[in-house]
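Worksheet for the structure shown next.
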Amino acid sequence: MKYLIKKTCFIFLEWIFVNHLFRYLNRGKIKVLLYHNIIDSRLFFKNAISKKSFIKQLKYLNKYYNIVTLSQDGTWIGLSKKKVNILITFDDGFINNYEVAMPILLDFGINAYFFLISDCVEEGVVPCFIKRQYPNHDCIPEFRTVNKIQVKEMLQKGMNIGSHTISHNDLSKFSITEAVYDADKSKKYLKTILENNVESFAFPWGFYKEEQLPSIKKIFRRIFTVKHGFNLKDDHILHRNEVDEDYQMFATASGLLDFLKCLFQQKN
Ligand SMILES: [Zn+2]
C-alpha cells in the first residue's frame, strides 16, 4: 500500500512538471546514478533493474539530461552548464553488467563507470559477500562477476573502470592503514590488467570512516560514496544516488528526491 502511494506521488509529480522545475534549478550540477544489476528477476538482487526499465530510463535521461563521461584519470568530459549532468555508474561488476548493460549503453552511446572488486576480476568468480549469503552460490551463474578479458573489452569499448576494493569488505571496520592497503592494492591490480590509470574508487555499501578519507584521497582522484546529492566539477568526494524503479529515478535525477528527503528529515 505504502509502495503504491509512493509510486502514485512520483507519477503525479512527474506529470505536473515538478521534475522539470528541479532540472532547471539544478542545471550545471552533476548527479551520479548508481546501478548494480540489469536483470529481469529480483530473486537474487533486490536492487535489480529490468532490461526494459533500464532502456526506458536511458531514453528519459537522454531526452532531458546531459549524460557525461568520467575518464580513467578522473577527468570530466562533456559537462554542460545548461542541463543537469548525469554520470551512470555500476557497483560490483556482476556478469550482467557486461552481458546486458554494456550492449544497451553502447546503443545509446553512453560511457558508464564500473566499480570492480579486484580479487574477482582475474577469473570472474563469485564475490565473498555473496558466498556468505548463498551457500549454493556455485549453481547460480548470475553471481559470477566479469573476468579480466571482459573488463579489457569494456575499457576498449569506452566504458571506464574503477576500484571497489580488493574483496568488497566493509571499510568502516578497517583501520586507516588497512583501508589504505586495500584501496592501494586493488588500484595496482586493476592498473596492471587494464594497462591504464585507475583514479576512481567506490566504497562497498558506501561504508567508511571520515578519518580514512584524507589518506584514500591521496590514492584516488575521485571517491564515490552513497550519500545522496549533487556534485560539482572539482569535488573529490562524490555523492551518488542509487536507482530504483522508473519514477523514483526520474525524481532522483532531477534532485527532487534529495529535496524531499531533506524536508522530511528536518521535520523529524
Ligand atoms: Zn558493492
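Quick note: the coordinates plus some simple rules give every number you see, no bench work behind them. These figures come from a predicted structure and were not determined experimentally. Note that each Cβ is placed from the backbone with ideal geometry, even for glycine, and that neighbours are counted across all protein chains shown.
Quick notes on this structure:
- Residue pairs, from the table Lys51/Lys152; Lys131/Lys209; Lys52/Lys217; Lys51/Lys81; Lys31/Lys52, whose Cα atoms sit over 29 Å apart: Lys52/Lys217; Lys51/Lys81
- When the chymotrypsin sites (Phe, Trp or Tyr not before Pro) in region 12-111 are filtered for DSSP coil states and for at most 13 other beta-carbon atoms within 10 Å of their beta-carbon, the remaining sites are Phe17.
- Kirkwood analysis of the Cα pair distances in region 78-183 returns a hydrodynamic radius of 15.1 Å.
- Estimated vicinal HN-Hα couplings, Hz - region 182-190 in sequence order (Karplus 6.51, -1.76, 1.60; Gly, Pro = x): 4, 5, 5, 5, 5, 4, 4, 5, 5
- Principal axis dimensions, region 123-268 - Cα atoms, whole angstrom, descending: 48, 38, 34
- Restriction of the GluC sites (Glu not before Pro) in region 187-240 to DSSP coil positions whose beta-carbon has at most 16 other beta-carbons within 10 angstrom yields Glu195.
- Shape category assigned to region 1-115 from the gyration tensor of Cα positions, a/c cut at 1.5: oblate
- Helix 2-15 and the longest principal axis of the Cα set of the chain meet at an angle near 60°.
- On full extension, the segment bounded by Tyr134 and Asp234 gains 31.9 nm, given 0.36 nm per residue less the C-alpha separation.
- Region 1-61: C-alpha gyration tensor shape, a/c 1.5 cut-off, then a/b vs b/c: oblate
- 3J(HN,Hα) along region 97-112, derived from phi through the Karplus expression 6.51 cos²θ - 1.76 cosθ + 1.60 where θ = phi - 60°, amounts to 4, 7, 7, 10, 5, 4, x, 5, 4, 5, 4, 8, x, 9, 9, 8 Hz, with x in place of Gly and Pro.
- In terms of its Cα atoms, the chain spans 49, 41, 40 Å along the principal axes, sorted from long to short.
- Mean residue ellipticity (222 nm) of the chain, computed from DSSP H runs ≥ 4 via -39,500 (n - 2.57), nearest 500: -11500 deg cm²/dmol
- Put in line by how crowded their Cβ is, counting other Cβ atoms within 10 Å and starting with the fewest, Lys82, Lys209, Lys2 read Lys2, Lys82, Lys209.
- The fewest-to-most ranking of Lys131, Lys187 by surrounding Cβ atoms within 10 Å reads Lys131, Lys187.
- Top of His239, His228, His20 by mean-square fluctuation, Gaussian network on the chain, Cα under 10 Å: His20
- Shown here for region 66-146: GluC sites (Glu not before Pro) in loop regions (DSSP other than H, G, I, E, B) with at most 16 other Cβ atoms within 10 Å, namely Glu122, Glu123.
- Aspartates and glutamates with Cα under 17 Å of Lys233, excluding same-chain neighbours fewer than 8 positions away: Asp73, Glu199
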